[in-house]
1. Could you tell me whether the chain comes out rounded, prolate or oblate from its Cα gyration tensor? Rule is a ≥ b ≥ c as square roots of the eigenvalues, rounded for a/c under 1.5, then prolate if a/b exceeds b/c, otherwise oblate.
2. Could you give the accessible area per residue of the stretch 23-241, probe 1.4 Å, as a whole number in Å²?
3. What's the longest piece of the chain with no exposed GluC sites (Glu not before Pro), counting a site as exposed if DSSP puts it in a loop and it has at most 15 other beta carbons within 10 Å?
4. With the cut-off at 1.5 for a/c, could you classify the stretch 27-67 from its C-alpha gyration tensor as rounded, prolate or oblate?
5. At 7 Å along the Cα-to-beta-carbon direction for both Leu226 and Asp128, put a label point, then send me their distance in nm to one decimal.
6. From the square roots a ≥ b ≥ c of the eigenvalues of the alpha-carbon gyration tensor of the stretch 131-249, which class results: rounded (a/c under 1.5), prolate (a/b over b/c), or oblate?
7. Mind putting a number on the dipole of the chain about its Cα centre? Charges go on the C-beta only, +1 for Lys and Arg and -1 for Asp and Glu, and I need it in Debye to the nearest 20.
8. Could you check the simple spin-label distance between Leu119 and Asn183, using points 7 Å along Cα→Cβ, in nm with one decimal?
Amino acid sequence: MRLTPVLPSSVSDTESSMMDKAEFDRFADAYDAQHRSNVAVTGEGPEYFAEYKIRLLRKIVDRSQLEVSQICDFGAGIGNSIPFFRRYFPDAALTSSDVSERSLALARQRHPGSGESLLIETDRIPSDSNRFDVVFSACVFHHIAHDEHVGWLRELHRITRPGGLIAVFEHNPLNPLTVRAVNTCPFDENAELIFPRTLTRRLQASGWSSPHIQYSLFFPRALARLRPLEDVLRWLPLGAQYVALARKA
Ligand SMILES: C[S@@+](CC[C@H](N)C(=O)[O-])C[C@H]1O[C@@H](n2cnc3c(N)ncnc32)[C@H](O)[C@@H]1O
């Protein structure tokens, strides 16, 4: 796990967001190839990991008996989750948001007609309040300076309707193989992983109710026959990733 470089105190929140933007504008065109090569050791491609998250989100939504007609993908990148939102939430409208203009352009090019695209240019998500049933993010917060997490979680709380759900998928720093993968991934050079308990505390601090963690991705392809067990292992802090879940009261 690498340490995030400390920004000089003169750098404002907006300037720091602009640095994030430049960071992923730089990686956008090579993102798919780099991601594919980084996860190859697991025997799976990026599609497996993207589908896993959305399939799990569908199960969580069904268990919560939540009506979902509007979803926001915060930090959608080049749109890897889009085909799976279409498959598992065919009736929901999808909004893809990101600070990287180049990533959003690639997402539109790869998946035309796949919903609204929101460019985040300041410390605000350009959307109405109380709009979304589900706000989702996949591997985004470890790219955001930790002292900005509560601010972005508050902003996601603002755009979520009362009763809505947040699902923040993150790499698990308690899993040594995950830490190794992050340390060898070019676009993770500035990543700072987040301990699950830290994220639940930050969710609470930003107004979310009943935050809790489920662990995911326990078995590589070589052990695929054990994957049906994953649903009973969600409590075990050894999965390669985890999802932090909470509701807006
Ligand atoms: C590792 S990529 C993940 C992309 C996508 N979620 C996926 O699973 O393929 C991280 C993304 O987070 C975006 N990002 C970084 N800081 C952000 C912020 N403050 N708000 C929204 N997106 C941000 C980056 O531009 C990048 O597209």
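The values are calculated or read from the model by the stated rules, or taken from the named source; none is laboratory data. Worth saying up front: this structure is predicted, and the values here are computed from it rather than measured. Counting neighbours? That spans all protein chains shown, and the Cβs are built from the backbone with ideal geometry, glycine included. Accessible surface is based on the protein model in full, side chains and every heavy atom, while ligands, DNA and RNA are left aside. Shrake-Rupley method; radii C 1.70, N 1.55, O 1.52, S 1.80 Å.
1. Numbers: a/c = 1.22, a/b = 1.07, b/c = 1.14.
Cα axes put the chain in the rounded bin.
2. On the way: 9710 Å² over 219 residues.
Per residue, the stretch 23-241 has an accessible area of 44 Å².
3. Working: sites that count: Glu67, Glu121, Glu189.
Segment 122-188 is the longest.
4. Numbers: a/c = 5.83, a/b = 2.34, b/c = 2.50.
Oblate shape, in that a/c is at least 1.5 and b/c is the bigger or equal ratio.
5. So the two model labels end up 4.9 nm from each other.
6. Details: a/c = 2.25, a/b = 1.38, b/c = 1.63.
Cα axes put the stretch 131-249 in the oblate bin.
7. My answer is approximately 960 debye.
8. 3.8 nm
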